[in-house]
1. If I model a spin label at residue 92 and residue 30 as a point 7 Å from the Cα along the Cα→Cβ vector, what separation in nanometres do I get?
2. Express in nm, to one decimal, how much length is gained between residue 148 and residue 134 on full extension, taking 0.36 nm for each residue of separation and deducting their alpha carbon distance.
3. What FRET efficiency comes out for the pair residue 101/residue 156, r = Cβ-Cβ distance, R0 = 35 Å, nearest 0.05?
4. Going by how many other Cβ atoms sit within 10 Å of their own, how do 193, 182 line up, fewest first?
5. Let me check I have the definition right: for the stretch 104-201, take the eigenvalues of the Cα gyration tensor, multiply each by 5, take square roots. What are those semi-axes in whole Å, largest first?
6. What is the order of 44, 173, fewest Cβ neighbours within 10 Å to most?
7. Using a Förster distance of 35 Å, how high is the FRET efficiency between residue 126 and residue 173, based on the Cβ-Cβ distance and rounded to 0.05?
């Protein structure tokens, strides 16, 4: 206590203390306990660091978590109480790692491509796997017209569409295309076959 008085820190005790829990919800019981710990800490200590250590110690003793506490008085007394995250922090990469659909055939396809990506390291297969995870709105259909445009001058290539291939009445002549897709509409399938093209379902 003698060392703390030399630091020149303010000794005023706050009338109201707010325990703010970052990242997770705090129950009323935990909030009242945090406020009680804070009041006791301000009665015993005057230095922010020691106040924070006291609150953390008392909170850990009751709830058994790894808690951290920050006390600051720059803009009035403020106490931030939160759970320590695992090393590396919170993941900021919000992306799908599996499809939301319950379609068993899609799940089998994902299982196959997971294996291929893992064993071959192919970037192309990784792109297909990523697109298999996507929602329907992010897997829009592609029309025959756009498909013909993309495949212009690529007669030796096979188009891979992670989505649906649809017919386009604006196209009068369909070249012989080689296409692999998740799904074909009946008219699109008929026109590609009639033109001598080849199709495979993913």
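1. For the pair residue 92/residue 30, the computed spacing is 2.5 nm.
2. 2.6 nm
3. 0.55
4. Going from least to most buried by this count: 193, 182.
5. Whole-Å semi-axes of the equivalent ellipsoid: 26, 15, 12.
6. 173, 44
7. It comes to 0.50.
The numbers here are math on the coordinates, done by the rules we state, and not lab data. Note that the coordinates shown come from a computational prediction; the quantities given were computed from them, not determined experimentally. Cβ sites come from the backbone with ideal geometry, for glycine too, and all protein chains shown count toward neighbours.
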